[in-house]
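We did not get these values from a lab; they are worked out from the coordinates using the rules stated. Note that the coordinates shown come from a computational prediction; the quantities given were computed from them, not determined experimentally. Don't worry about glycine lacking a Cβ; one is built from the backbone with ideal geometry, like all the others, and counts go over all protein chains shown.
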Amino acid sequence: MSRTDATDAVSIVDLTVADPHYVPAAPMALPRLRIFEMMALPRATMEKKIAENDVLSGVANRRALTLLRLLAHAREILQDSTSAEAERLDVARWLGRWIETPQPALGGKKPSELLDTESGAGMVDRTLGAIRSGAYL
């Protein structure tokens, strides 16, 4: 399978080519095309930037950073967890599944449906915060 195959799992580092020193995170187990769709980024542009190891800028950079913030928040949740399962859980894969699952706290919407705007991303981040604090319903 080629690196740019639409079924390829995208890693966070693919989205943050602006920082070549970022330590690669585990893949979110989502197809690259799905990541581009939920962030409302043109596939051709993103594939070209990744292939050329080009720097993300503007909207693409902000949306990639949104995923990084969500991943960091998910890691904090698991670090705070007292569950034995939390130690074995792949945070990036968990986040990839969570953002594609309808959430009652988001009116039954999938978090991925809200990541294309700053206000929507903020709602998703606050929902993760509620999970961390134990206030999630």
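Can you tell me which residue in the range 84-112 is nearest to residue 34 (Cα to Cα), limited to those that are of a type in the set (D, E, K, R) and under 12 Å from the mean Cα position of the chain (by Cα)?
Of all residues in the range 84-112, those of a type in the set (D, E, K, R) come to 85, 87-88, 90, 93, 97, 100, 109-110.
Right, trim to under 12 Å from the mean Cα position of the chain (by Cα) and you get 93, 97, 100.
Working: 93: 14, 97: 12, 100: 10 Å.
Only one residue fits best here, namely 100.
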Task: All positions within the range 72-88 that are hydrophobic (A, V, I, L, M, F, W, C), without any contact (Cβ under 8 Å) to a residue 40 or more places away in the chain and surrounded by 10 or more Cβ atoms within 10 Å (Cβ to Cβ) - done: 72, 78, 86
Task: The one condition in (1) under 22 Å from residue 29 (Cα atoms); (2) of a type outside the set (Asp, Glu); (3) surrounded by 14 or more Cβ atoms within 10 Å (Cβ to Cβ) that residue 102 fails to fulfil - done: (3)
